[in-house]
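Notes for the one structure printed next.
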Amino acid sequence: MQDVKSVIIVGVGGQGAILVSKIMTNGLIQAGYDVKQSEVHGMSQRGGSVSTQVRWGEKVYGPVFGKGCADMLIAMENMEAVRYADFLKPDGVAVINDYERDSMTTASGIEEYPEGCLKAMQEQFRTIAVDAEGIAEELGNAKCMNVVLFGALADSLGMDDIDWEAVVAETVPQKARDLNLEAFRRGREAAVNAKA
Amino acid sequence: MKQLLSGNEAIARGLYEAGAEFASAYPGTPSTEVLENLVQYKDDIYCEWAPNEKVATEVAYGASMAGARSFCTMKMVGANVAADPLFTAAYQGVTGGFIFMSADDPSMHSSQNEQDNRHYARHAKIAMVEPSDSQECKDFVKMAYELSEKFDTPVLYRVTTRIDHSKSLVELGEREEHTIEPYEKNARKNVCTPANAYMNHPIVEQRIKKLAEYGNDCPFNKVEMNGTKIGVITAGISYQYAKEAFPEDTSFLKLGLTYPLPIKLIKEFADKVDELYVIEELDPFMEDQIKAAGIECKGKELTDEKYELNAQLLEERIFGKTPDTKEVAVKAVMRPPALCPGCPHRGFFYTMSKGKNYVVTADIGCYTLGCAQPLNAIDSVLCMGGGFTVGMGMSKVFERTGADKKVFGVVGDSTFFHSGMTGLAEIAYNKGNVIPVVLDNRITGMTGQQENPGSGYTLEEDAASMIKIEDIMKACGFVNVFTVDPQDLKAMQEAVDGALASEEPAAIVARRECRLLKRAEKPDGICKVDSDKCIGCKMCLKVGCPAVSFKEGKSVIDTTQCVGCTVCMQVCPADAIKKEAR
């Protein structure tokens, strides 16, 4: 299974992880890879912790993978990055939207939101942290945070033969095309700056 | 070009291509998307949401009896509701092919237990088919119809969450029309009198023997010989995990027809390998039968009966390979699901959370989340319809012991039509000291907005008669029915007090649209905290809204999440929360 790449996308229900995986899988299918993707519906969506997995290669068997198997962790929220950190290979890359969202238990004061989530990730993994939330708000629509984040991770996928900008353009709804293309470009730039 | 489809999307496509004519379902994760996708073919296939799984099975079976290729689907616990018609349909056989789909949920991502519904095939003595990816999800539907018609059997189409909700590439085909033969009455076969059932039973036993023989050489079951050292017998999603986890020279017997098992084929395969493993999720369903046939194999002592598998877990449990991971210095705290901002159920559960002697027996749906902190307002959730009836049983004991408890039996609107109405009759008939409450959010919420007999629309988006819950309650003898907007906390408390004080049987309908309903009015504003006025009492945190948090001694409302429902504003003692235009 050397040639199979595995990515896990994590966040809070409603943050738009599905669109990120859709852009990714569309590009990979066009490039001729065998692709599998897995997500969970139902109760966990209601503001809970959610994860989606994408795998591609010459031939992919399992649509899901276990701990220590991910080449890349894409986290839409800092604490969720920490929650799923053990899915990453030791040399895997974490791409994180530097953003903290209370859970129901931290918002209501039952427990504390842990401090230093992003720093803890940076200590252990090659990490690209971007303020995708802030960039999306600058663009006037907080909802395009997911596409900003996709821009930030696109180059780390190592799929240089795929024109991701074109894939974004054809995957997102046509009326939101320009906004999402701008979101993608800004995310991509932010990742370059984050590395430097 | 091949398309990336989820298993459920592929099953819908398979039904279309196989010439199916009739489909009925009650929504339930992870099965729901089959009918949601199938309805695009409504010109060719009749599609409906049934009030419950038993009804879905019965109408689909009736359609089969009339000659159509028919289909019903449900989550695994729904099969318990549908078991009655299924077991007798098994005796009577089919006319048009009949597929009964059960979507199991190993690891209980969205379920109340982890039952393994493969046992239903053995228990009902019917054929069972298990696809292992989306291509098979599609292709096996047509093959299952042929099997159903050839062997005169309902087919249990058994899938799991990772089959339903994983996407893989599928080559599509064209629809092949199926011809419905003219109806001929066959009361000998189709009327389940004891005398007829007596004659049907030997046919059923004979059928299972023939199916087992067929399984030894059929397109569902495949042998992949790669070496003679290790052999793996597997099916469904476990095949994918095993292919990844076992060495390349491992041979596989991949089963698609998993009941009855092809024992002859299994024996032949076992004889060709030195070491035999049976890889399956949940119960040792295949392993027990294989061992009973005198074939030595390894399985559950290594793989475990609980939760989902994956390749990494198999590597760990069978070959002792632990994954290479790094530990981070910080630990994540829980992020449980919660009622959405603006959820109409919040006002009801907040009201319940304040009553010291209230006992709340609730049900399956979004409103199960009323159990979570900080609302913590539910005593029990058992099953669909159990909200009314578990409360009924408790109230009878409280009466006997003189316990000072006020029992509220709570169900949602869809659950009311599913199996709440019989419980309502029970409370009326046997004079229960329990207040039935229907949380009517005008839609089936948890499974993602499906229409129901109270919502006014069908699955095919036609206008339908909108059954009024209050009318049913009144017809059962509930003289005082309090209809209330649960978001108005004062009115909600008054309805509760009024129902408790009523001399005559009383019930409550708490009605407000789900925030996610497409037809719902757009939010007309958001709530904001005046931090000068906020006294930091944390009262607003007690309503359990994800948009409200506490920072540096003051409450804060997240403007991206708030939809202006005002429940937090109504509980603020300092008048520090105001609603503003968005």
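Within the range B:163-207, restricting attention to residues that are within 14 Å of chain A (Cβ to nearest Cβ) and among the acidic types (D, E), which residue is farthest from B:A12 (Cα to Cα)?
Applying the filter and picking the extreme gives B:E171.
What strands (runs of 3 or more DSSP E) lie completely within the range B:1-111 and have 2 or more residues being open to solvent by less than 10 Å² (accessible area, probe 1.4 Å), modelled with pLDDT of 95 or more and within 14 Å of another protein chain (Cβ to nearest Cβ)?
Those strands (runs of 3 or more DSSP E) span B:98-104.
Scan the range B:192-233 residue by residue and report those that are of a type in the set (S, T, N, Q) and in a helix (DSSP H, G or I).
B:N196, B:N200, B:Q206
Scanning for something in a loop (DSSP other than H, G, I, E, B), out of contact with any His (no Cβ under 6 Å at 6 or more places or on another chain), aliphatic (A, V, I, L, M) and away from chain A (no Cβ under 14 Å), does the range B:300-314 turn up at least one residue?
Scanning the range B:300-314 turns up no residue that is in a loop (DSSP other than H, G, I, E, B), out of contact with any His (no Cβ under 6 Å at 6 or more places or on another chain), aliphatic (A, V, I, L, M) and away from chain A (no Cβ under 14 Å).
Answer yes or no: is there a residue in the range B:462-477 that is part of a loop (DSSP other than H, G, I, E, B), modelled with pLDDT of 95 or more, within 30 Å of the chain's Cα centre (by Cα) and acidic (D, E).
yes
Using beta carbons and a limit of 9 Å, which pairs, at least six apart or on different chains, have the first residue in the range B:527-551 and more than 10 Å from chain A (Cβ to nearest Cβ) and on the phi > 0 side of the Ramachandran plot and the second one open to solvent by 30 Å² or more (accessible area, probe 1.4 Å) and not in a loop (DSSP other than H, G, I, E, B)?
Note: pairs meeting the criteria are B:G536/B:F550; B:G536/B:K554.
Within the range A:75-103, how many residues are within 7 Å of chain B (Cβ to nearest Cβ) and among the hydroxyl-bearing types (S, T, Y)?
1
May I ask you to say which residue of A:G68, A:G32 is open to solvent by 20 Å² or more (accessible area, probe 1.4 Å) and at positive phi?
Only one candidate passes the filter, namely A:G32.
Select from the range A:114-130 the residues that are closer than 25 Å to B:K554 by Cα and facing chain B (nearest Cβ under 7 Å) and write down the one among them that is most open to solvent (accessible area, probe 1.4 Å).
A:G116
Whether any residue in the range B:285-296 is at the interface with chain A (Cβ under 10 Å from one of its Cβ atoms) and open to solvent by 20 Å² or more (accessible area, probe 1.4 Å) is what I want to check.
The answer is no; no qualifying residue exists.
In this structure, does B:Y145 turn out to be part of a helix (DSSP H, G or I) and surrounded by 15 or more Cβ atoms within 10 Å (Cβ to Cβ)?
Judged against the criteria, B:Y145 is a match.
Return the only residue of A:I135, A:I74 being surrounded by 21 or more Cβ atoms within 10 Å (Cβ to Cβ), among the hydrophobic types (A, V, I, L, M, F, W, C) and in a strand (DSSP E or B).
A:I74
Whether any residue in the range B:264-281 is in contact (Cβ under 8 Å) with a residue 24 or more places away in the chain, within 14 Å of chain A (Cβ to nearest Cβ) and surrounded by 17 or more Cβ atoms within 10 Å (Cβ to Cβ) is what I want to check.
The answer is yes, given that some residue of the range B:264-281 is in contact (Cβ under 8 Å) with a residue 24 or more places away in the chain, within 14 Å of chain A (Cβ to nearest Cβ) and surrounded by 17 or more Cβ atoms within 10 Å (Cβ to Cβ).
Given the condition open to solvent by 10 Å² or more (accessible area, probe 1.4 Å) and of a type in the set (V, I, T), answer yes or no: does some residue in the range B:242-250 qualify?
No - not one qualifying residue is present in the range B:242-250.
Report, by residue number, each residue of the range B:297-309 that is open to solvent by 20 Å² or more (accessible area, probe 1.4 Å) and either assigned by TED's automatic domain parsing to the domain that holds B:E114 or under 30 Å from the mean Cα position of the chain (by Cα) (or both).
B:E301, B:L302, B:D304, B:E305, B:K306, B:Y307, B:E308
Identify, by number, the condition in (1) of a type outside the set (F, W, Y); (2) in contact with a Phe, Trp or Tyr (Cβ under 9 Å, 6 or more places away or on another chain); (3) within 7 Å of another protein chain (Cβ to nearest Cβ) that A:E58 doesn't meet.
Condition not satisfied by A:E58: (3).
The values are calculated or read from the model by the stated rules, or taken from the named source; none is laboratory data. Predicted, not measured: the structure shown is a model, and the values here were computed from it. Reconstructed Cβ throughout: ideal geometry from the backbone, glycine too, with neighbour counts over all protein chains shown. Just the protein is used for accessible areas: all its heavy atoms, side chains included, with ligands, DNA and RNA removed. Shrake-Rupley method; radii C 1.70, N 1.55, O 1.52, S 1.80 Å.
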